[in-house]
Amino acid sequence: MAQPDRFLLAGVMGWPVMHSRSPMLHNYWFKQHGLAGTYVPLAIRPEGLAAALSALHPLGFAGCNLTIPHKQEAMKIVNEVDKLAKKHRRDQLRGRSARRFARRNQ
């Protein structure tokens, strides 16, 4: 069910990232489900990853996916890592604070 009073902001973070098809796919499903929001590519150099992850929540992001090698580096940065994400090295940051939550890709 659409929530017209809430704009969802999400993205995929990587370097390089502009080749990613994720924004096209996610924006398609936002539209199909009547969700107000957008999914954007975030071109973040490796040396800026920690700052970028810390900025997600203050900027209002609902979630962010990561490309390799950012996935591995993010595992060192976040405060908490889901056991399965740690085991499989496939993590997806989401939740109220990107520095707090890491989850495995479903």
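Figures for the structure shown
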{"quantity": "Residue list for the stretch 43-81, restricted to those being assigned to a strand (DSSP E or B), in contact with a helix residue (DSSP H, G or I) (Cβ under 7 Å, 6 or more places away or on another chain) and either among the small types (Gly, Ala, Ser) or within 12 Å of Leu9 (Cβ to Cβ) (or both)", "calculated": "Cys64"}
{"quantity": "Considering residues of the stretch 55-80 that are among the polar types (S, T, N, Q) and surrounded by 14 or more Cβ atoms within 10 Å (Cβ to Cβ) only, the residue nearest to Val17 (Cα to Cα)", "calculated": "Thr67"}
{"quantity": "Criterion (modelled with pLDDT of 95 or more and in contact with a strand residue (DSSP E or B) (Cβ under 9 Å, 6 or more places away or on another chain)) met by exactly one of Tyr28, Tyr39", "calculated": "Tyr39"}
{"quantity": "Tally of residues being touching a strand residue (DSSP E or B) at 6+ places or on another chain (Cβ under 6 Å) and at pLDDT 85 or above across the stretch 53-84", "calculated": "11"}
{"quantity": "Members of the stretch 1-41 that are in a helix (DSSP H, G or I) and closer than 20 Å to Ala74 by Cα", "calculated": "Ser22"}
{"quantity": "Filtered residues of the stretch 21-35 (kept if among the polar types (S, T, N, Q) and surrounded by fewer than 17 Cβ atoms within 10 Å (Cβ to Cβ))", "calculated": "Asn27, Gln32"}
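The values are calculated or read from the model by the stated rules, or taken from the named source; none is laboratory data. Fair warning: this is a prediction, and the values are worked out from it, not measured in the lab. All Cβ positions, glycine included, derive from the backbone under ideal geometry; neighbour counts span all protein chains shown.
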